[in-house]
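Below is one structure, written out as structure tokens; the observations come after it.
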Amino acid sequence: MMRRTTLPQSICTRCSIQWRSLSTQQPRAPPSPPQAGYARLTNRGLISITGVDSTTFLQGLVTQNMFIANDPNRRVRHTGTYAAFLNSHGRILNDAFVYPLPPTEAASPDEPAWLVEVDKDAVPKLLKHLKKHKLRAKLKLRALDEGERTVWASWKDHSEPRWAAYNLESPTSSPFPSEASIVGCVDTRAPGFGSRLIIPGAEDLRAHFPDETQVAGSEVGLDGYTVRRILHGVAEGQAEVVGESALPLEYNMDMMKGVDFRKGCYVGQELTIRTHHRGVVRKRVLPVQLYEGDISTDLSSDVPVYDPSVELSLPPSGSNISKIGPRKGRSAGKFLGGIGNIGLALCRLEMMTDIALTGEATQFSPDQEFKISWDGSETPDAPESGEVKIKPIVPSWTRDFIEAGGAKANDTNREGHRAKDYVDQLEEEGAQR
């Protein structure tokens, strides 16, 4: 933890003022991310899990299915996926990506092998969590060394489908090369958000993907990727997906295809399933616009308007959002993090947006403004005090998902289609007889 630096008693008043100004100055905002590009994710780490019990071990710990759904032969999935590790109370320990490694990467062809991608700083704690649940399982756990493999994000906004996905059952349908040393997955956390790729070593991604049809654009810094992620409303890492506090559905994991509600038991399942079947998630992570004074930006689009030239003091992560007015009332949400004039926040939908979750009246008023105020006591390295206004943006895909009834409705529709197909099949067999 960083400690607040104290000024020497001999410093003059003018120097004291200059020092405070420098200490609270925000870093220069990065430029807007390009329509196509790729970024080296230096803030992510990897854990290797190998052994005959590795698949069933992960199946009991993560929110996603390690087997192909509805497959009577219980074949192991061969595509990576977004998922989360939960504690026993159903709170997120780590948001993660889980990748199956090809048989050539395992100790023997019959032993499954997996890579788990999480925040680099969270690797030791997650390893401890995994070892606690290992018991007598036949597997090996290992944190990969720096430079052993590298995590990349790649995107092509102009050509990727709305919800990028491909068939788990067909080994030839993967958009990634068949080269055994490369693994990856389509990033389903937002429409057309891109792909995740893990390559051996620390060399440039272009060494493995020289063709523009596979990886387009040029390399972007980590900050550029973060801007793009915030614009799409995607929280990531321990700073935003607060460990042992965040709930999977409030962090849109149902919408992001990070939870399989039909897979069976896993640690933390009970609260997640109960919330899913209740069908009402009152708080969601949304992208937000940060501003001072009157808002002059057109917010009619799906995403906030990012302006690198705007300089704002960012609130500390976890700061409460409140109404502007004579009566403060209850907290409207919490600020998670941001860059420049955009950010992410956990928002009470019926207070901060026009979304109605039930038939009852909401607390939303289109003229109501919200703010975040802080005095520097929240975290030692935060600006001493400040205030900024905040406005949530509801992306169209988020609105569509919520208004359609969420994942519960999708499950119901899927069951309905399955039943209809079965009836049609019976009628066809009867006609043939």
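The values are calculated or read from the model by the stated rules, or taken from the named source; none is laboratory data. Computed from a predicted structure; not experimentally measured. With ideal geometry, Cβ positions are generated from the backbone for all residues, glycine too; neighbour counts draw on all protein chains shown. Ligands, DNA and RNA are excluded from the accessible area calculation, which covers all protein heavy atoms including side chains. Shrake-Rupley method; radii C 1.70, N 1.55, O 1.52, S 1.80 Å.
Could you list all residues from the range 358-379 that are in a loop (DSSP other than H, G, I, E, B) and open to solvent by less than 40 Å² (accessible area, probe 1.4 Å)? G376, the sole residue that qualifies.
Residues of the range 335-352 being touching a Ser or Thr at 6+ places or on another chain (Cβ under 7 Å) and open to solvent by 20 Å² or more (accessible area, probe 1.4 Å), which ones? Matches in the range 335-352: I339, E350. For the range 218-231, a residue qualifies if it is out of contact with any helix residue (DSSP H, G or I) (no Cβ under 9 Å at 6 or more places or on another chain) and surrounded by 18 or more Cβ atoms within 10 Å (Cβ to Cβ), and the qualifying residues are G224, Y225, T226, V227, R228, R229, I230, L231.
Tell me, yes or no, whether the range 99-110 has at least one residue that is touching a residue at least 60 places away in the same chain (Cβ under 8 Å), in the same structural domain as A190 (by the TED database) and under 17 Å from G258 (Cα atoms).
There is at least one residue in the range 99-110 that is touching a residue at least 60 places away in the same chain (Cβ under 8 Å), in the same structural domain as A190 (by the TED database) and under 17 Å from G258 (Cα atoms).
Can you name every residue in the range 57-87 that is charged (D, E, K, R) and crowded, with 23+ Cβ neighbours inside 10 Å? Answer for the range 57-87, where residues must be charged (D, E, K, R) and crowded, with 23+ Cβ neighbours inside 10 Å: there is none. Per the listing V267, V241, the residue uniquely open to solvent by 20 Å² or more (accessible area, probe 1.4 Å), under 20 Å from T81 (Cα atoms) and in contact (Cβ under 8 Å) with a residue 40 or more places away in the chain is V267.
Entry remark, the range 311-334: residues being open to solvent by 20 Å² or more (accessible area, probe 1.4 Å) and on the phi > 0 side of the Ramachandran plot number 3 in total.
For the residues V285, V305, the requirement of being at pLDDT 90 or above, among the β-branched types (V, I, T) and open to solvent by 50 Å² or more (accessible area, probe 1.4 Å) singles out V305.
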